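Reviewing the structure listed below.
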Amino acid sequence: MKRALTIILGLALVLSFTCAYADDWPQRTVNIIVYSSAGGSTDLSNRAIAEGLKKPLGVDVVASNMPGAMGGTAVNYVWNKKHDGYTFAGLSEGYLGQCVLGIHTTTARDWEWFMVGGTPGLISVKAGSPYKDFQQLYDDVKSKHGQIRIATSIPGCIWHIQWLTAKKYGGFDPKFVPYAGSFPSQTACMTGEIEVVWTGLGEQSEFIKGRKLQPLAVFDTKPLKFAGLTIPPITKYIPELEKVMPIKQFVGFALPSDTPRSILAKVTDAFKVAMKHKAVADFGKMKYSELYGYCGEEAKTVAINQQKVFAWLLYDEGISKKSPAEFDIPRP
């Protein structure tokens, strides 16, 4: 009886200390560990949001890069730190395939998401291509099976997932040619090594403005206006894709879901203020990104729903090491 009472009193003291600690948060620098290299949208969005978080949190917020193991190095580092609100994970939608790829054991359910924004995916051809619209390309892909070549970025990225979704729901199945990233994929398209490139507006923007690339469709349900062009949505040609939309890029940060609720509430309030910061607006303009400002249940729902698509496509294509069913991820 005495031992049980001691344990109960001990737990009460721990809970009391934890609550008081959480109420005093933050007392020192908050670190955002970005899982990719410097210069990309994930990096730049986190540096921008870090600037916006400093004033509402009242402490310094520092974004630093920890690339490696397809993002697993940073995710493992953050997950293994104390879940005390001082270490955020700077992530993108690319995280969503990590569990089935054997990179990390958590799923979207295990994190609280704060999504700054994202750039839309474009299906483009080089200037002077015989394809003047997506329908012409679509018809040719179906009649010349395996002859039309397409590149996205690295396998498992958002652009690759969008293409696999179009393949599944619309039979848009050109020959996939892997490259080490978006830039070499776009270069290959402009030099004629491949016929089609599927990457983001933020990556293609200068080539479109310079009339080196010609966008045929945007992976969306509504058209996109850019550089004097009106780019039609892919659902105009493959309406079946509306079933799984949206599947889009998102960049921002996440905290483990078991972070004290009072801390998550403070992060949420600060995030909403930070989204109005000039640095965030500048990021959106520079990377041609829509600014979302998703957090709370809205952000978590986006992450969970997109993970269903990511995980099962990677598994069905034989790319993943593990089945999504092992992680209780249902089919979309």
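Is one or more of the residues making up region 106-113 over 25 Å from the mean Cα position of the chain (by Cα) and at pLDDT 95 or above? Before you say what the answer is, go through the steps one by one.
Filtering region 106-113 down to residues over 25 Å from the mean Cα position of the chain (by Cα) leaves none.
Looking through region 106-113, none of the residues is over 25 Å from the mean Cα position of the chain (by Cα) and at pLDDT 95 or above.
What's the total number of residues in region 274-291 that are under 18 Å from Thr199 (Cα atoms) and either open to solvent by 100 Å² or more (accessible area, probe 1.4 Å) or among the hydrophobic types (A, V, I, L, M, F, W, C) (or both)?
Residues of region 274-291 that are under 18 Å from Thr199 (Cα atoms), as a first pass: 284-290.
This time we only want the ones that are either open to solvent by 100 Å² or more (accessible area, probe 1.4 Å) or among the hydrophobic types (A, V, I, L, M, F, W, C) (or both), so: 285-286, 290.
Here the count works out to 3.
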Positions within region 80-111 being surrounded by fewer than 22 Cβ atoms within 10 Å (Cβ to Cβ) and either assigned to a strand (DSSP E or B) or among the basic types (Lys, Arg) (or both), in sequence order: Lys81, Lys82, Thr87, Arg109
Residue count, region 229-261, condition surrounded by fewer than 16 Cβ atoms within 10 Å (Cβ to Cβ) and either assigned to a strand (DSSP E or B) or among the aromatic types (Phe, Trp, Tyr) (or both), comes to 2
If you take the residues of region 203-226 that are out of contact with any Pro (no Cβ under 9 Å at 6 or more places or on another chain) and open to solvent by less than 40 Å² (accessible area, probe 1.4 Å), which of them is nearest to Tyr95 (Cα to Cα)? Ser205
If Ala265 meets every condition in (1) without any contact (Cβ under 8 Å) to a residue 12 or more places away in the chain; (2) outside any strand (DSSP E or B); (3) open to solvent by 70 Å² or more (accessible area, probe 1.4 Å); (4) not basic (Lys, Arg) apart from one, which number is that one? (3)
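Determine whether Gln162 is touching a residue at least 60 places away in the same chain (Cβ under 8 Å), open to solvent by less than 10 Å² (accessible area, probe 1.4 Å) and either not in a helix (DSSP H, G or I) or not aliphatic (A, V, I, L, M) (or both). So that I can check it myself, show each step before the final result.
Details: touching a residue at least 60 places away in the same chain (Cβ under 8 Å): yes; open to solvent by less than 10 Å² (accessible area, probe 1.4 Å): yes; either not in a helix (DSSP H, G or I) or not aliphatic (A, V, I, L, M) (or both): yes.
Considered against the rule, which asks whether it is touching a residue at least 60 places away in the same chain (Cβ under 8 Å), open to solvent by less than 10 Å² (accessible area, probe 1.4 Å) and either not in a helix (DSSP H, G or I) or not aliphatic (A, V, I, L, M) (or both), Gln162 comes out as yes.
Tell me, which residue of region 35-66 that is in a helix (DSSP H, G or I) and among the acidic types (Asp, Glu) is most open to solvent (accessible area, probe 1.4 Å)? Give the derivation first.
Just the residues of region 35-66 that are in a helix (DSSP H, G or I), to begin with: 41-57.
Still in the running and among the acidic types (Asp, Glu): 43, 51.
Values: Asp43: 4, Glu51: 85 Å².
Top of the filtered list is Glu51.
The values are calculated or read from the model by the stated rules, or taken from the named source; none is laboratory data. No experiment lies behind these values; they were computed from the predicted model shown. We place every Cβ from the backbone using ideal geometry, glycine too, and count neighbours over all the protein chains shown. Quick note on the areas: whole protein, heavy atoms, side chains included, nothing else; ligands and nucleic acids left out. Shrake-Rupley method; radii C 1.70, N 1.55, O 1.52, S 1.80 Å.
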